[in-house]
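So the structure is just underneath, and the comments pick up after that.
The values are calculated or read from the model by the stated rules, or taken from the named source; none is laboratory data. These numbers come from a predicted model, not from an experiment. Reconstructed Cβ throughout: ideal geometry from the backbone, glycine too, with neighbour counts over all protein chains shown.
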Amino acid sequence: MAPSSLLQLPNDFQVSYRDRNSYPCNYTHRSVSTYPSALAEFEKKLDAAAEDLCEKNLKYVDVSFRDLKADNGEGKDVEKRNIHSPEGLTKWLGIKHTESSDPNDSQDIISAERKDPKCRFIYIFGQHTRARLNITRSMLTEILTFHQVSPNYLDFLFVFGLQSEQHDLRFSSFREQSSLRKECKSFGIEGLARSGRQYQLCYNLKGVTAKYRNHENPSKDEYSIRPAAFYHRFDIENGNALWMVTKGGLDIQGRFKELTGRNARPQDKSFGNPNECFSSSLSAHLLFCHWSTEDWRAYIKWLEYIVEKETRMAVLGPIGSGHHHRVYTAGDIQQLLTLEERISEVITVLDSNVEVMDSLKRFYEKLVVNKDFDLKEDCSYDIDVFASQLSQMMDDFRLQIGRAKALVRVMSNRTELVKQHRLERLNGNLEKEAIVVRIVTIVTLIYLPATFVSTLFSTDIIKYQGSPQGTYSAVAMQRWLQVTLPLTFLTLCAAWLGKRWAERMSHPTVLQEDGDKDGDVEAQEKPSGDIRSGPYRQGNDSQLDLGGQLAAPLNQWWQWAKLGGDKAAPASSNETSTLKRWGPKALAKRAFGAPVPLLPINNQPAAQGS
């Protein structure tokens, strides 16, 4: 047995503590979410992450403890210590190993030298968010085992650790585990002043911090989004509270010291009874939530400044020739897209903060109506004030979210405008190149026949060098001109015909379908000598000018077709001969140079009635 001065601990807890390196498989509070297979999965994740998550060198180990009202209120008001070794941690927790009096039992007896404090604040930190935590794995599992911390907190720890870039930054969650019924007292540890009736909360929030400020050139400022993970346990009978915070840096630790220091408000550091302890725990929640709201306005304002600076010339700058303007490159577009992603990241982070705060608010509002919560009558006012302040923070976040969403729209539109400017500049360059190519082509077409003929005349096929007139031969010059000029003319004609054929192939004739009945009726109501006003409309307007020769016959044929074709009696024999001579196919042939299949006229009664 343990000496009388030591506090005895339950056997289940002793077994769990001896097997502390296997956390969370040694977790004693079993529930639906902590069944053995789930705990085994948590252990595998911890094994995989431990290499980068925890420090190996004891030289860098540093874990901060701050105990208020030690030994369940019977000790000092404040006890604080920075732990640098596993032995120092065991001593601070008050764990004592004694030999068993039973010779058949080789295991030591685990006992405690003192009870838990009224409020314990444990701060696990790293040099920064992307560095290892200043704690070894064995010390981490010992802390989590001794306090029987919910394994859900491991999910929030995995965000930290050694990494080149922040990963899983968008992860946010709120987990709760309540054991408020009186039957849950079986989980209690009387020697440590733990009744077993408690609730546990795990959540994370994200804040933003200016890493570097340049007052001369604000565009060089640097901001960083930094997560923080919070664990809270509250005993509703004894009022004991446990806080465990994980973050890169020491800023939140300093804020908690201010909250519970000498100059703090009395209601924030009062632990005389469970009601006061509960009220103090709400103040700590508000402290952490308020931390997450800081500097977001400055960060969004800085993003607005950068967007305006990088895209202002795209909107206001002159783009005509002869004007000085900014030429955006592919690197600029890449930078704009990166900036747009940062703004979207801000929206995601702010949304997650709002969701976490809303979950925290709803949890405490449900406590007021929970029949197993003994403090609901005395603490209902504190919960109302707490919920009201959380609502104000969430409203402020929503305003910042709306501001960021508007900035995303502006950024997206201006990025698209920059792309259009680049395309316009590219099209202008292509037009200039096309003009140069056309000039080169024309010159080539002019000189190609002459070059070909000259090359041909310089061969042994045709010789004029034996002329008695000397090196110059008038006959050769005449022959050269007689061949070159017609060949040049034929080459230019072939090029022109090829160009016209290519244009016609690139603009094929398209006949309007008669599916749009309203359009057909409107066309039938406006007969004209122009074929574009009739029921057969062509897509190439350049071929629709029939001239005065076809205008009158076409109008007559249109009137004849509108009245029913062969079923309608013409006004005179001359008109009949004209209509027979100018049928639809003949008109199309004269208009377009070749027979074109025309759609049949839709002789619907509705057209006549119109």
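Report whether or not N26 is of a type outside the set (D, E) and exposed (fewer than 15 other Cβ atoms within 10 Å of the Cβ).
no
Pick out the one residue from K115, K76 that is in a loop (DSSP other than H, G, I, E, B) and crowded, with 19+ Cβ neighbours inside 10 Å.
Exactly one of K115, K76 is in a loop (DSSP other than H, G, I, E, B) and crowded, with 19+ Cβ neighbours inside 10 Å, namely K115.
Only one residue in E87, E51, E55 is among the acidic types (D, E) and either within 28 Å of R181 (Cβ to Cβ) or out of contact with any Gly (no Cβ under 9 Å at 6 or more places or on another chain) (or both), so which one is that?
E87
Among the residues of the range 89-112, count how many are of a type in the set (K, R) and either touching an Asp or Glu at 6+ places or on another chain (Cβ under 8 Å) or buried (at least 16 other Cβ atoms within 10 Å of the Cβ) (or both).
Matching residues across the range 89-112 total 1.
Scan the range 247-259 and give yes if some residue there is assigned by TED's automatic domain parsing to the domain that holds F65, outside any strand (DSSP E or B), small (G, A, S) and in contact with a helix residue (DSSP H, G or I) (Cβ under 9 Å, 6 or more places away or on another chain), otherwise no.
The answer is no; no qualifying residue exists.
May I ask you to list the residues in the range 345-367 that are surrounded by fewer than 16 Cβ atoms within 10 Å (Cβ to Cβ) and more than 17 Å from M393 (Cα to Cα)?
E345, K366
I'd like the residue in the range 118-144 that is under 17 Å from W243 (Cα atoms) and basic (K, R) and, out of all such residues, is surrounded by the most Cβ atoms within 10 Å (Cβ to Cβ).
K118
Given the structure, is S179 at pLDDT below 90, more than 27 Å from K80 (Cα to Cα) and more than 38 Å from the chain's Cα centre (by Cα)?
no
Could you list, in sequence order, the residues of the range 142-170 that are more than 24 Å from G88 (Cβ to Cβ), within 27 Å of the chain's Cα centre (by Cα) and small (G, A, S)?
Scanning the range 142-170 gives a single hit, S164.
Looking at the range 50-73 only, could you name the residues that are touching a residue at least 24 places away in the same chain (Cβ under 8 Å) and assigned to a loop (DSSP other than H, G, I, E, B)?
Correct list: E55, K56, V61, D62, K69, A70, D71, N72, G73.
Considering only the range 263-288, how many residues are farther than 19 Å from G73 by Cβ and outside any helix (DSSP H, G or I)?
The number of residues fulfilling the criteria is 2.
Does V61 count as assigned by TED's automatic domain parsing to the domain that holds T260, β-branched (V, I, T) and crowded, with 16+ Cβ neighbours inside 10 Å?
Yes; evaluated as a whole, the condition is true for this residue.
Kindly indicate which of R403, R414, R438, R425 is surrounded by fewer than 16 Cβ atoms within 10 Å (Cβ to Cβ) and within 44 Å of the chain's Cα centre (by Cα).
R425
Applying the selection to the range 371-384, what residues are touching a residue at least 24 places away in the same chain (Cβ under 8 Å) and surrounded by fewer than 16 Cβ atoms within 10 Å (Cβ to Cβ)?
Residues satisfying the conditions are D372, D378.
Name the residue that is nearest to the chain's Cα centre (by Cα), counting only residues in the range 119-138 that are assigned to a loop (DSSP other than H, G, I, E, B) and either at pLDDT 95 or above or farther than 18 Å from F230 by Cβ (or both).
Ranking the qualifying residues of the range 119-138, first place goes to R130.
Inside the range 162-218, can you point out the residues that are surrounded by 13 or more Cβ atoms within 10 Å (Cβ to Cβ), out of contact with any helix residue (DSSP H, G or I) (no Cβ under 6 Å at 6 or more places or on another chain) and aromatic (F, W, Y)?
F171, F187, Y199, listed by residue number.
Could you please give the count of residues in the range 219-234 that are touching a helix residue (DSSP H, G or I) at 6+ places or on another chain (Cβ under 8 Å) and within 30 Å of L68 (Cβ to Cβ)?
Matching residues across the range 219-234 total 6.
Would the range 241-264 turn up any residue that is of a type in the set (D, E), in contact (Cβ under 8 Å) with a residue 40 or more places away in the chain and crowded, with 20+ Cβ neighbours inside 10 Å?
no
Take E99 and tell me if it is at pLDDT below 95 and either in contact with a helix residue (DSSP H, G or I) (Cβ under 9 Å, 6 or more places away or on another chain) or in the same structural domain as K45 (by TED's automatic domain parsing) (or both).
It is true that E99 is at pLDDT below 95 and either in contact with a helix residue (DSSP H, G or I) (Cβ under 9 Å, 6 or more places away or on another chain) or in the same structural domain as K45 (by TED's automatic domain parsing) (or both).
Select, from F363, F386, F373, the only residue that is of a type in the set (A, V, I, L, M, F, W, C), modelled with pLDDT of 90 or more, under 30 Å from Q198 (Cβ atoms) and not in a helix (DSSP H, G or I).
F373
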